[in-house]
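Step one of this worksheet: look at the structure below.
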């Protein structure tokens, strides 16, 4: 009798395991990104996954408020999983209300995406960082914000 229930349980569980979508190895991407940040100290990392969208809108972005300090050099890096079509794009805005886009990893007029944004902050305050996958394609990736005190 116990064997019969075990067989039923296995018949239910095994198909569920086969359909598990675990192609995104964010730990490996994180390690790769942080190795490239030799002179920087990591502030925060973001693990991102987005399903395919028919049309990407600003509401589909993942937004985070990030405090930045004047005189500090920052680097925002991203890596997309090769197992998905989506390329991870970073947008930096001057305020949490997203009044002005002042930096992006998307090369304007193309579908090419830079790996990082690097700049020296000119004013202390709360900024906004937004992440999305280019053209609404399904994507998985890791982004890292880091700083270098000069």
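Structure data summary
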| item | result |
| --- | --- |
| All positions within the range 63-107 that are more than 24 Å from residue 138 (Cβ to Cβ), free of Cβ contacts under 8 Å to residues at least 12 places away in the same chain and in a loop (DSSP other than H, G, I, E, B) | 99, 100 |
| The range 122-138 residues that are in contact (Cβ under 8 Å) with a residue 60 or more places away in the chain, paired with ones that are surrounded by fewer than 19 Cβ atoms within 10 Å (Cβ to Cβ) and assigned to a helix (DSSP H, G or I) (beta carbon under 9 Å, 6 or more apart) | 130/58; 132/58; 132/60; 133/60; 136/60 |
| Output for the range 46-62, where each listed residue is touching a residue at least 12 places away in the same chain (Cβ under 8 Å) and either surrounded by fewer than 13 Cβ atoms within 10 Å (Cβ to Cβ) or part of a strand (DSSP E or B) (or both) | 46, 47, 48, 49, 50, 51, 54, 55, 58, 62 |
| Residue that is farthest from residue 29 (Cα to Cα) [pool: residues in the range 108-124 that are within 19 Å of the chain's Cα centre (by Cα) and assigned to a loop (DSSP other than H, G, I, E, B)] | 111 |
| Given (1) buried (at least 19 other Cβ atoms within 10 Å of the Cβ); (2) over 21 Å from residue 41 (Cα atoms); (3) out of contact with any helix residue (DSSP H, G or I) (no Cβ under 9 Å at 6 or more places or on another chain), number of the condition residue 81 does not satisfy | (3) |
| Residue 74 in contact with a strand residue (DSSP E or B) (Cβ under 6 Å, 6 or more places away or on another chain), under 24 Å from residue 30 (Cβ atoms), at pLDDT 95 or above and crowded, with 20+ Cβ neighbours inside 10 Å | yes |
| In the range 135-147, the residues that are over 12 Å from the mean Cα position of the chain (by Cα) and closer than 13 Å to residue 81 by Cα | 137, 138 |
| The range 95-131, subset in contact with a helix residue (DSSP H, G or I) (Cβ under 8 Å, 6 or more places away or on another chain) and farther than 14 Å from residue 65 by Cα, residue modelled with the lowest pLDDT | 111 |
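The values are calculated or read from the model by the stated rules, or taken from the named source; none is laboratory data. Everything numeric in this text was worked out from a predicted model, so none of it was measured. FYI the Cβ positions are ideal-geometry reconstructions off the backbone, even for glycines, and counts take in every protein chain you see.
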